[in-house]
Amino acid sequence: MGDMVVVRKEGLYCVPGDFYIDPWRPVDRAVITHAHGDHARWGHRHYLASSKSVNILKSRLGADINIDGLEYGERIARNGVTISLHPAGHVLGSAQIRMEHQGEIWVASGDYKVGPDSTCAPFEPVRCHTFITESTFGLPIYRWDPQQDVFDDINAWWRANADAGRASILYGYSFGKAQRLLSGLDSSIGPIVCHGAVEPLNRVYREGGVDLPATQLVSETDKADFKRAIVLAPPSASGSTWTRRFGDYSDAFASGWMLLRGARRRRGVDRGFVLSDHADWPGLLEAIRATEAQQVIVTHGSIPVLVRWLCQIGLDAKGFDTEYGDEDDAAVDAAPKPADGDAAAEAQPALAAPAASDEEEDEDRREGAQPAPGNAGGKEASDA
Ligand SMILES: [Zn+2]
Ligand SMILES: [Zn+2]
């Protein structure tokens, strides 16, 4: 039997089912893993996504898109392929796509993480013959600290700034990262203020049943209150004139890339908090193992390293060349159009910050990582 999923110029294509997974060019039938801009694009004739993704996709791509929602675990058939969606633990509504055809089972992960996140359903391992996995942080150097440690660091930084009478501006991707950050903030420290690109997504999360602390827009906040406030804003607002209204401030960026030497400096912020919505290296290996898949296909990220590692542990592994990116890049964050007037007004002066170029990211990867198969832990392993 040939591969159930192949790469075409439009995107990942399920051959017997005649549909695409997160296609990057317009197609008739698209099944969407989640609403980040590099996975959910405009122009498809029909969309299928998890029920919790439907409102997010409509707010990002337009209320008039032709879309059906599926509950997690619910099954539908397309040309003899049974499709079901299962939580990916990445952002609200994120799903792995399970495809079953004549007894053969393939699962496409989309983006995922295995760590805790109270703002979305946790990653569910799905047994399959072939697992298509992302590898954004697929190098042994990537190991995340416990989420609570990161939240404690963020709250301590915010409290110190508030005590010194200066605002705290925290940059993070407006869909997913911002809400996860919100879920960890200690609102007894001061008011939580959100950029106009973030607040509409908070609303969608709350409507989806996610408990978030109270937030307010910049325009609803007294200037005097900024001194104790934390402001959540997308990376594109960094270095723009938009930040001037807060007077004296300290700023920080929350991303998995903050683990890399030089990444914080290039962002030009005071602090970097290492918090990612992607699996780290142990998380990728744990997730892959849990599927019990014998064949693994690796997409966006560190394809050669992860493929080589998986082959060494006896799996049949290869890479797929895709056009998925990384939502922590300012360029990707800038993609969604404002969902309402507030967003348009507040996001307006947000000039794009100079994002790390691909070349610089590559440099970082070389700098930090010398992955050697057979020594997966790198230097961390010897510390452990
Ligand atoms: Zn994503
Ligand atoms: Zn992605």
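The values are calculated or read from the model by the stated rules, or taken from the named source; none is laboratory data. Treat the numbers as computed from the prediction; the structure is a model and nothing was measured. Because the Cβ atoms are built from the backbone with ideal geometry, glycine has one as well, and the counts that use them run over all protein chains shown. Protein only, heavy atoms only, side chains kept; ligands, DNA and RNA dropped before computing areas. Shrake-Rupley method; radii C 1.70, N 1.55, O 1.52, S 1.80 Å.
Remarks
- Each residue of the range 184-192 is assigned a 3J(HN,Hα), and the resulting list reads x, 7, 8, 6, 6, 6, x, x, 10 Hz, derived from the Karplus form 6.51 cos²θ - 1.76 cosθ + 1.60 (θ = phi - 60°), x at Gly and Pro.
- Geometric extent, Cα atoms of the range 207-303 - Rg, Dmax (angstrom): 18.8, 60
- Debye intensity ratio in log₁₀ form over the Cα atoms of the range 118-218, taken at each q of 0.11, 0.18 Å⁻¹: -0.44, -0.99
- In this structure the amide hydrogen of Thr299, modeled in the peptide plane, comes within under 5 Å of the amide hydrogens of Thr133, Glu134, Ser135, Phe320, none closer than 5 places in sequence on its chain.
- Using the Karplus relation 6.51 cos²θ - 1.76 cosθ + 1.60 with θ = phi - 60°, the per-residue 3J(HN,Hα) values for the range 114-128 come to 9, x, x, 6, 6, 9, 8, 5, x, 3, 10, x, 10, 5, 7 Hz, with x marking Gly and Pro.
- Across the range 49-102 the C-alpha pair distances fall into 10 Å bins from zero in the proportions 26, 46, 26, 2 percent.
- Of all accessible heavy-atom area on the range 254-327, the percent that carbon and sulfur account for (1.4 Å): 46 percent
- Euclidean distance between Cα centres, the range 1-77 to the range 174-197, Å: 29 Å
- Restricting the range 228-299 to trypsin sites (Lys or Arg not before Pro) that sit in a DSSP loop and have at most 14 other Cβ atoms within 10 Å of their own Cβ leaves Arg261.
- Using C-alpha pairs under 8 Å with a sequence gap of at least 6, the mean separation divided by the residue count of the range 147-306 gives a relative contact order of 27 percent.
- Loop-located trypsin sites (Lys or Arg not before Pro) across the range 16-67 with a Cβ neighbour count of 13 or fewer within 10 Å are Arg45, with loop assigned by DSSP.
- Tyr171 sits with roughly 0 Å² accessible to a 1.4 Å probe, with DNA, RNA and ligands left out of the calculation.
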